[in-house]
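The values are calculated or read from the model by the stated rules, or taken from the named source; none is laboratory data. Treat the numbers as computed from the prediction; the structure is a model and nothing was measured. No Cβ is skipped: glycine too gets one built from the backbone with ideal geometry, and neighbour counts run over all protein chains shown.
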């Protein structure tokens, strides 16, 4: 999911531009492989850091009960706004 999300932005076009203009198929494969590997490692590192931080913080019961509902409503509202706008 992260790979698809990352490829949909304008940054992906700028990052993949060197591979697109390269005449060498080997260079294109190495560049795209490196891009995929480094993107995956960066996402894994961020996930590990967020996980470690969330495990270290106290978890109030009220917060645990209401966060999923607030996140769900926020997600639906934001999605609806994007569709309308």
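Report the residue count in the stretch 6-27 for those that are assigned to a helix (DSSP H, G or I) and either exposed (fewer than 12 other Cβ atoms within 10 Å of the Cβ) or modelled with pLDDT of 85 or more (or both).
The first filter runs over the stretch 6-27 and keeps only residues assigned to a helix (DSSP H, G or I), leaving 6-7, 10-21, 25-27.
Pick out the ones that are also either exposed (fewer than 12 other Cβ atoms within 10 Å of the Cβ) or modelled with pLDDT of 85 or more (or both) and you get 10-11, 13-14, 17, 20-21, 25-27.
Residues in the stretch 6-27 being assigned to a helix (DSSP H, G or I) and either exposed (fewer than 12 other Cβ atoms within 10 Å of the Cβ) or modelled with pLDDT of 85 or more (or both): 10 in total.
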TODO: Kindly establish whether residue 72 is more than 30 Å from residue 16 (Cβ to Cβ), within 21 Å of the chain's Cα centre (by Cα) and surrounded by fewer than 10 Cβ atoms within 10 Å (Cβ to Cβ).
DONE: no
Open item on the list: So residue 43 passes all but one of these: (1) more than 17 Å from the chain's Cα centre (by Cα); (2) touching a residue at least 40 places away in the same chain (Cβ under 8 Å). Which condition number does it fail?
Closed with: (1)
